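The values are calculated or read from the model by the stated rules, or taken from the named source; none is laboratory data. Please read these numbers as outputs of a predicted model, since none were measured by experiment. Don't worry about glycine lacking a Cβ; one is built from the backbone with ideal geometry, like all the others, and counts go over all protein chains shown. Calculation scope for accessible area: heavy atoms of the full protein, side chains included, ligands and nucleic acids excluded. Shrake-Rupley method; radii C 1.70, N 1.55, O 1.52, S 1.80 Å.
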Amino acid sequence: MRMRKVTAAALTGLALVGLAGTATASASAAGDYPWPPKDITPVHKTKAELQKQADGFSAHQQRSYPKVFRGAQNVVPGPWGGEAPGVFDDMQYMANSVSFTYQGREFNVITQVNAPGFYTASPKQLCEREKCTGTVSDRRGGVIVFSELDQFNMSLATNFRPNGEVVWTQGSKQDDRAQLAAVASDRAYTFTK
């Protein structure tokens with residue numbers, strides 16, 4: 001029953017932000033999604049190209065978070081980087097943390113954008129190491145897998161994309177999974193532009 005409520009809430013939220021359409025949810029669908037995709041095209045960029053992209057991601061976060069998290073205020077994107085802030089030549093993933101105020105409390109959401117082929121775990125493997133709570137189509141040939149890490153009170157939405165990119169967004173278990181999915185499936189976060 002709980003999974004149906006979570007899934008229904010996720011689909012409702014995705015429909016609100018234009019993602020769900022006729023999507024269906026299934027906990028087992030993660031194992032059915034073929035990974036890795038065939039014919040992945042690797043992406044290799046310079047530090048300058050990646051920094052320009054990171055700056056674009058941050059600007060997009062400032063514009064989009066008040067829409068995804070309706071009425072969010074004081075949206076402050078942190079620096080993009082890997083294990084430490086900053087980008088470097090041929091970096092294959094970038095992550096950042098965004099802090100903002102939403103419905104009277106402080107939020108912190110992390111997003112990681114992985115270049116095609118860099119994130120090698122399949123949806124099924126993800127669900128073997130994390131507690132998966134549902135799966136929905138992203139309406140663009142990909143799948144969004146919802147998972148939780150109880151020991152850390154974390155909830156994640158991971159978007160596996162047909163081009164081999166994986167984008168995940170992490171918040172607390174109290175955060176709305178549909179909002180996390182809306183961020184993870186936003187095609188503005190990509191290595192392929």
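When Pro77 is tested against the conditions (1) open to solvent by less than 70 Å² (accessible area, probe 1.4 Å); (2) farther than 22 Å from Gln174 by Cα; (3) not charged (D, E, K, R), the lone failure is (2).
When you go through Ala178, Ala188 one by one, which is the residue that is surrounded by fewer than 22 Cβ atoms within 10 Å (Cβ to Cβ) and in contact with a helix residue (DSSP H, G or I) (Cβ under 7 Å, 6 or more places away or on another chain)?
Working: Ala178 fails: surrounded by fewer than 22 Cβ atoms within 10 Å (Cβ to Cβ).
Of the residues listed, the single one that is surrounded by fewer than 22 Cβ atoms within 10 Å (Cβ to Cβ) and in contact with a helix residue (DSSP H, G or I) (Cβ under 7 Å, 6 or more places away or on another chain) is Ala188.
Candidates Ser64, Ser147: the one that is without any contact (Cβ under 8 Å) to a residue 24 or more places away in the chain, within 27 Å of Val43 (Cβ to Cβ) and open to solvent by less than 20 Å² (accessible area, probe 1.4 Å) is Ser147.
Is it true that Leu156 is over 13 Å from the mean Cα position of the chain (by Cα) and over 18 Å from Lys67 (Cβ atoms)? Give the derivation first.
Numbers: over 13 Å from the mean Cα position of the chain (by Cα): no; over 18 Å from Lys67 (Cβ atoms): yes.
It is false that Leu156 is over 13 Å from the mean Cα position of the chain (by Cα) and over 18 Å from Lys67 (Cβ atoms).
Among the residues of segment 82-101, those that are in contact with a helix residue (DSSP H, G or I) (Cβ under 8 Å, 6 or more places away or on another chain) and either closer than 17 Å to Gln170 by Cβ or in contact (Cβ under 8 Å) with a residue 60 or more places away in the chain (or both) comprise Met94, Asn96, Val98, Phe100.
For segment 90-102, the candidate set comprises residues that are part of a loop (DSSP other than H, G, I, E, B) and touching a Lys or Arg at 6+ places or on another chain (Cβ under 9 Å); within that set, the residue that is most open to solvent (accessible area, probe 1.4 Å) is Asp90.
The single condition among (1) open to solvent by 10 Å² or more (accessible area, probe 1.4 Å); (2) closer than 18 Å to Val183 by Cα; (3) of a type in the set (Val, Ile, Thr) that Val136 does not satisfy is (1).
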